[in-house]
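The values are calculated or read from the model by the stated rules, or taken from the named source; none is laboratory data. The structure displayed is predicted, hence computed values, not measured ones. Neighbour counts are summed over all protein chains in view; Cβ atoms, including those assigned to glycine, are modelled from backbone coordinates with ideal geometry. Note: areas computed on protein heavy atoms with side chains; ligands, DNA, RNA excluded. Shrake-Rupley method; radii C 1.70, N 1.55, O 1.52, S 1.80 Å.
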Amino acid sequence: MTKDLYALALTGQQSASVEGYLQSVSTIPMLGAEEEKKLATRLQEEGDLNAAKQLIMSHLRFVAHIAKSYSGYGLPQADLIQEGNIGLMKAVKRFDPSVGVRLVSFAVHWIKAEIHEYVLKNWRIVKVATTKAQRKLFFNLRKNKKRLGWFNQDEVTTVANELGVSEKEVREMESRMAGQDMGFDLSADDDESQAGNFSPVQYLTDTSSDLAEEVEQEQWQEQSHNRLFAALKTLDERSQDIVSARWLADEKATLQDLAEKYSVSAERVRQLEKSAMKKLQNAMS
């Protein structure tokens, strides 16, 4: 079952580009609370992989949303998304619908845990040696150092001549080798309140907001927008124009403007507007 879930978690990842993948997953509808609970119950009690697929597919956009906040490390976005999808798979497997929390809130821990593990294994501040000259410098620079500390100008010139590279390359490699990897998390002895104590985990993501709530809010706004315009289509042409001119236009029309347009009184326009707004309210409730 784990192997099958793994395949489901990566469904859709084979798009020609990350942009195409993101557009694809953004079209997958989110699940309502009741539907999500029914699918999770089927997976838990019956091992229904089709239910697992629906749970995974409906949350792929959430994974992409989280993975985007880790893009500053120079790691491939597709790999970050894939690792997050593996975390989503693990969350779906362990999700208990009887607890009363939404999957999106439960899965965030597993998604971030997988992405964090990937970052820890693959992230480096700089690639120390990439070209042939840099590799030569890397393996020979340390043994050419006669003392601790930075080279003076005479030492830089000597090393550059001995290794057949430029002085600029010697300075650059010395700087790279002097750099140290930063711990992903603060150690147990570090106090976050003290100035100068920072770690990547503190600035990788915005902890001031709830990602699950943001995704749900975006989905709600999109649904409300679609319902509003669907409700507008149920009105007659004149009522549609009055509502649009009075409430949706950048420069809103007055009752008198519309009264002159339709050759009726301003009071009649007000009545039509009130009636149209009531119909919209009923259609969206």
Using 7 Å Cα-to-Cβ label points, what is the residue 265/residue 166 separation (nm, one decimal)?
8.6
So, with points 7 Å from each Cα along the Cβ direction, the residue 244-residue 48 label distance in nm works out to 4.3
How much area per residue is accessible in region 14-122 when the probe is 1.4 Å and only protein heavy atoms are counted (Å²)?
49
Carbon + sulfur, % of accessible area of region 210-282 - ligands and nucleic acids excluded, 1.4 Å:
48
Potential lengthening between residue 117 and residue 152 on full extension [0.36 nm per residue; Cα-Cα distance subtracted]
8.6 nm
Direction-averaged shadow area of the convex hull around the Cα atoms of region 14-122, nm²?
6.8
Gain in length, residue 229 to residue 19, computed as 0.36 nm per residue apart minus the alpha-carbon separation, to one decimal in nm?
72.8 nm
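Sorted by mean Cβ packing within 10 Å, highest first, what order do the peptides 85-92, 274-281, 224-231 take?
85-92, 274-281, 224-231
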Given 68/93; 37/90; 233/274; 53/93, the pairs whose alpha carbons are separated by over 20 Å:
68/93
Once each part is reduced to its C-alpha centroid, what is the distance from region 224-260 to region 82-121 in angstrom?
44
Accessible area per residue for region 210-282 in Å², computed with a 1.4 Å probe and the full protein assembly in place, what is it?
71
Segments 262-271, 52-61 sorted - mean Cβ within 10 Å per residue, highest first
52-61, 262-271
